[in-house]
Amino acid sequence: MQKICIIGLGYIGLPTAAVFARAGYDVVGVDVNEKVIELLNKGEIIIEENGLPEVVKEAVESGKLRASLEPEAADAFIIAVPTPVHADHTANVDYVVSAVEKIVPHVKKGDVVIVESTIPPRTIDDVVAPIFKEAGFDPEKDIYLAHCPERVLPGRILIELVENARIVGGLTPEAAEKAADVYRRVVTGDILVTEAVTAEMSKLMENTFRDVNIALANELAKICGVLGVDAHKVIELANRHPRVNLHQPGPGVGGHCLAVDPYFIVEKAPAEAQIIKMSRDINNSMPDYVVDQIVRMTSDIERPAVALFGLTYKGNIDDVRESPAIEIVEKMIENPRFDVRVHDPHVRDEQVSFPLASFEEAVTGAHLIVVLADHNEFKELDQETLAAKMDRPVIFDTKNCTGLQSGSGLTVHKIGDLRRLS
Ligand code: SAJ
């Protein structure tokens, strides 16, 4: 086992390619984007991820990693392309299908084929294996076909790629073993061998677990809003129980994983997946809930100046995909009553369709600051500066991250503590 061909050089495929090359494999990375290929062959990348530029540069310079528009013969193939959702939330596996079709002419008997992309349950059995069958292979005997879901957290990808336990689900037990061997040279975490469908379902349940728990926290925040209780205090106290781990409420759930993957389960078992579906609905309702509270907080002002702080789906990253903050900004801009200012030190103008403001522009004369992402910059907001620059110093902290407290001329509302609002 020497050469690996990785299809898809995005947030997962590129770090995977670099880490496998560093471990000694000959890696060829394949992508449809010519710019990505051209840059990678010069040792450069367009993705922002801690430590990745250095590892990629070294791998390319050592000759172990190179990029190409077309797949080529290898001992193992890893597919790491996106699986977006259709408008009705059903999975779109078109990129996986086309990646498989692209490698088929280069696959020979005895090769390992691994899908890392997140896929609905039974996709390896019902979608991928039949493509090989059609091409004349016996997918259970001629090749080793497996699903090995990625589980890395953006920002910690290089660490988690190596240290996290990996689930490897094979179409056959032999396929699982052969695929596990591919990872053993790179991964220091446990390698957990199982069937393909079990691996598919495990990956989806990891993200669903988190989504459902966040929905519970968001529901708690809403209940506390009605009852006049501080949900943050409730969470802090309840979590002192050794078997309780309530998650954090917020402006909604974003990103391309938690906000998407649970639908892959709902799609396959809609009558049974009730909590999962309801959790998606609750989390999707949070942007409207936030806007409703903003309306309440500014109801006495004719044209309130509202500064929206943070656009990314979570703190200290530059990713705005599926971000609830974007939805909140759009809803606010639609309402002509508001003078909306949007500020995010991690986001560039070309990423969004509305103008961005500097901190100074956003805050000066504002009647309300709404914190929508837990960037470090917002954890250091200074009470006196805000009180001096704002027309009415009120903060709505939807991430409970600023550490600011009401007092000294400042009013602070939190997503789970709206007691000062009634
Ligand atoms: N969030 C809350 N409350 C919380 C925790 C998170 O509102 O208590 C929100 C965040 O603000 C964000 C969203 O949830 O909008 C998702 O953020 P995240 O940090 O939970 O996860 P992702 O989407 O960046 O990455 C997840 C990870 N999965 C799990 O932690 C189970 C990661 O390990 C997966 O590899 C990744 O999905 C993926 O690619 O599937």
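The values are calculated or read from the model by the stated rules, or taken from the named source; none is laboratory data. Predicted model, so just to flag it, every value in this text is computed and none were measured. Please note: Cβ atoms are built from the backbone with ideal geometry, for glycine as well, and neighbour counts cover all protein chains shown. Remember, those area values only see protein heavy atoms, side chains included, never the ligands or the DNA or RNA. Shrake-Rupley method; radii C 1.70, N 1.55, O 1.52, S 1.80 Å.
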Would you mind working out the accessible area per residue for the chain, using a 1.4 Å probe, and quoting it in Å²? 44
Counting only DSSP beta bridges with both residues in the chain, tell me the antiparallel percent, nearest 5. 10
Leaving out ligands, DNA and RNA but keeping every protein chain, what accessible area does Ser202 have, in Å² rounded to the nearest 10, with a 1.4 Å probe? 40
Loop only per DSSP, at most 11 neighbouring Cβ atoms within 10 Å: give me the GluC sites (Glu not before Pro) in segment 214-294, ordered by residue number. Glu272
With the full set of protein chains in place, find how many percent of the accessible area of segment 239-414 is carbon and sulfur; take the probe as 1.4 Å. 48
Return the single residue from Phe309, Phe132, Phe77 with maximal mean-square fluctuation; model: Gaussian network over the chain, springs between Cα atoms under 10 Å. Phe132
Contact order normalised by residue count of segment 232-383, Cα under 8 Å, 6+ apart, percent: 25
Sparse-neighbourhood loop hits (GluC sites (Glu not before Pro), segment 369-406; DSSP loop; Cβ within 10 Å at most 11 others) -> Glu380
Mind checking which of Leu308, Ser62, Thr411 is farthest towards the positive end of the chain's charge dipole, using Cβ charges of +1 (Lys, Arg) and -1 (Asp, Glu) about the Cα centre? Thr411
Would you work out the charge dipole size for segment 3-189 about its Cα centre, treating the Cβ of every Lys and Arg as +1 and the Cβ of every Asp and Glu as -1, and quote it to the nearest 20 debye? 380
Across segment 239-414, qualifying lysine pairs (alpha carbons under 15 Å, at least 8 places apart or different chains) come out at 6
Name the most mobile residue of Asp318, Asp349, Asp142, meaning the one with the largest mean-square fluctuation, in a Gaussian network model of the chain with Cα contacts below 10 Å. Asp349
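Once you have the Cα-Cα distance between Phe209 and Asp88, take 0.36 nm times their residue separation minus that, and quote the gain in nm to one decimal. Before the final figure, lay out each step's value.
On the way: separation 121, 0.36 × 121 = 43.56 nm, distance 2.18 nm.
Once the chain is fully extended between Phe209 and Asp88, it gains 41.4 nm.
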Pull up the DSSP beta bridges for segment 3-189 and report the antiparallel fraction as a percent, rounded to 5. 10
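In terms of solvent-accessible area of protein heavy atoms at a 1.4 angstrom probe, what is the ranking of Thr123, Thr385, highest value first?
On the way: Thr123 10, Thr385 50 Å².
Accessible-area ranking of Thr123, Thr385, largest first: Thr385, Thr123.
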Run the paramagnetic zone check for Ala73: 7 angstrom along Cα to Cβ, then residues of segment 93-111 with backbone nitrogen under 14 Å. 105-111
Test of understanding: what is the full-extension gain from Arg337 to Leu421, defined as 0.36 nm times their sequence separation minus their Cα-Cα distance? 28.2 nm
Of Met278, Met332, which has the most accessible area and how do the rest follow, probe 1.4 Å? Met278, Met332
Segment Asn376-Leu216, extension gain: residue separation times 0.36 nm, minus the distance between their alpha carbons: 55.0 nm
Compute the label zone of Asn41 within segment 10-34: residues whose backbone N is under 15 Å from the point 7 Å along Cα-to-Cβ. 28-34
Where both partners of a DSSP beta bridge lie in segment 239-414, what percent of those bridges are antiparallel, to the nearest 5? 5
How big is the dipole moment of segment 100-159 about its Cα centre under a simple scheme where the beta carbon of each Lys and Arg is +1, that of each Asp and Glu is -1, and everything else is neutral? Debye, nearest 20, please. 220
If one computes the Cα centroid of segment 1-33 and of segment 371-394, what distance in Å separates the two points? 43
If you roll a 1.4 Å probe over segment 3-189 with all protein chains in place, what percent of the accessible area is carbon or sulfur? 51
For segment 208-263 and segment 274-308, what is the separation of their Cα centres, given in Å? 16
